[in-house]
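Reading through the structure tokens given below for one structure.
Since every read-out is calculated from the coordinates, none of them should be taken as a lab result. All values reported here derive from a predicted model rather than from experimental measurement. All Cβ positions, even for glycine, are placed from backbone atoms using ideal geometry, and neighbour counts span all protein chains on display.
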Amino acid sequence: MPKHSAWRAFRLRCDRIDRKSERWLLLTFYALIILTVAIEVIRRFALNYSSVWGEELARYAFIYLAWIAAAAAVRDRAHIRIDVLVNLGGPRMQRLAWWLSDIATLVLAVWALWLSVSPVLTSLHFGSVTPGLRLSQAVFLAAIPIGFLLIASRVVQTMLADIRRMRRGEPPFDGHKLFD
């Protein structure tokens, strides 16, 4: 097997693991939200009792779900955008627009990542805990830097994929559309 095809096979395998792990994380957090809310509804209305931790767990699971989903949307270029002007131009104009968009997203993600690490470190330093779960607040504050780190890595992945498509002479990947 030539070196080039071995590298491609390795990259495809890593990509498959990456996508599956992302989907499983999304499914896990979504199921956790549904299960927690269902249990809390039953406890409140059937048993006339609610827990301190239920609402908090669902909220933090939703935050992690949102950040992982945002990174998935960036990777698939399925995020909200207005691409009327981009579609007026040819492949060269589309490629330039995607590169400018990716660079702006990467700069924003790195800047936000830099700013979001400080609250996590502060929480670790002072040992703050959540009121209901009594877990370290840093675990939940870390959702923001983890989310921006995932977004930055997804942008780099799409930029590298664009370079590969450009070398093969293919048009730029314009993403998966939810609606037409």
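Structure data summary
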read-out	value
Of the criteria (1) under 23 Å from ARG134 (Cβ atoms); (2) free of Cβ contacts under 8 Å to residues at least 12 places away in the same chain, which one TRP53 fails	(2)
Those residues of segment 56-73 which are more than 19 Å from ALA142 (Cβ to Cβ) and either in contact with a strand residue (DSSP E or B) (Cβ under 9 Å, 6 or more places away or on another chain) or touching a residue at least 12 places away in the same chain (Cβ under 8 Å) (or both), in sequence order	none
Total residues in segment 45-90, condition closer than 27 Å to LEU160 by Cβ, in a loop (DSSP other than H, G, I, E, B) and over 23 Å from the mean Cα position of the chain (by Cα)	2
Filtered residue count, segment 117-135, keeping only those that are surrounded by fewer than 15 Cβ atoms within 10 Å (Cβ to Cβ) and either in contact with a Lys or Arg (Cβ under 7 Å, 6 or more places away or on another chain) or under 27 Å from VAL107 (Cβ atoms) (or both)	3
Scope segment 136-150; condition among the aromatic types (Phe, Trp, Tyr) and within 15 Å of LEU106 (Cα to Cα); matching residues	PHE148
Helices (runs of 4 or more DSSP H) lying entirely in segment 91-180 (those with 1 or more residues that are free of Cβ contacts under 8 Å to residues at least 12 places away in the same chain and over 30 Å from VAL52 (Cβ atoms))	91-126, 143-167
